[in-house]
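Engineer: Below you will find the structure I want to go over with you.
Quick note: the coordinates plus some simple rules give every number you see, no bench work behind them. Everything quoted here is computed from the prediction, not taken from an experiment. Quick reminder, even Gly has a Cβ in these numbers, built from the backbone with ideal geometry, and neighbours come from all protein chains shown.
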Amino acid sequence: METKMEQENKKGPMKTNLGLTLWETRKINEQNLNEMKHRMHDHIQKKTQEFRQLKLEVKHEVAKENEVLWDDKRQEVQKNREVKKIIKTEQKAELDRNIQVFLHLNKEEKGLRKELCDK
């Protein structure tokens, strides 16, 4: 009785349905697997690069929006400062006028008192 190995050796290598030996089929499968790995790796790199690009674009958009908001805030603060400056200037001018009027009235009052004292 011959062993199965001896029988296969006499018949030659076993063939698959496509007429390929098991070794050839295994090699083809390994090549296909490697090709799929490379494709998957390339696909992942491509998607990663697209994501990074999208992330960068979104980051720039957010930065632009923030800059617009900061500009608006700066302008608002500047307007408030200008309004306060105008109010302060007006108040100072009114105070100066009131002081001048007071001094003038005080001078007139002194003059009138002097006239009254002289009479």
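Engineer: Tell me, what HN-Hα J-couplings in whole Hz come from the Karplus equation 6.51 cos²θ - 1.76 cosθ + 1.60 at θ = phi - 60° for each residue of the range 92-101, using x for Gly and Pro?
Structural biologist: 5, 4, 5, 4, 4, 4, 4, 5, 4, 5
Engineer: With θ taken as phi - 60° and the coefficients 6.51, -1.76 and 1.60, list the Karplus ³J(HN,Hα) couplings across the range 65-79 in order, rounded to whole Hz; mark glycine and proline as x.
Structural biologist: Once rounded to whole Hz, the list reads 4, 5, 5, 4, 4, 5, 4, 4, 5, 4, 4, 5, 4, 4, 4.
Engineer: Give the aspartates and glutamates whose C-alpha is closer than 17 Å to that of residue 119, dropping any in the same chain fewer than 8 places away, or say none.
Structural biologist: Leaving aside aspartates and glutamates fewer than 8 places away in the same chain, those within reach of residue 119 are 108, 109.
Engineer: Further question on the same structure: What residues qualify as long-range amide H neighbours of residue 21, i.e. H under 5 Å apart, gap of 5 or more or another chain, H built at 1.01 Å from N?
Structural biologist: Distant-sequence amide H within range of residue 21: 16.
Engineer: For residue 80 and residue 45, compute 0.36 nm times the residue count separating them, minus their Cα-Cα distance, and round to one decimal in nm.
Structural biologist: Extra length from residue 80 to residue 45 when fully extended: 7.4 nm.
Engineer: Quote the charge dipole size of the range 16-118 about the Cα centre in Debye, to the nearest 20; the model charges only the Cβ of Lys and Arg (+1) and of Asp and Glu (-1).
Structural biologist: Dipole of the range 16-118, to the nearest 20 debye: 300 debye.
Engineer: Where the eigenvalues come from the Cα gyration tensor of the range 16-118, what are the semi-axes √(5λ) of the equivalent ellipsoid, largest first, in whole Å?
Structural biologist: In descending order the semi-axes read 97, 7, 5 Å.
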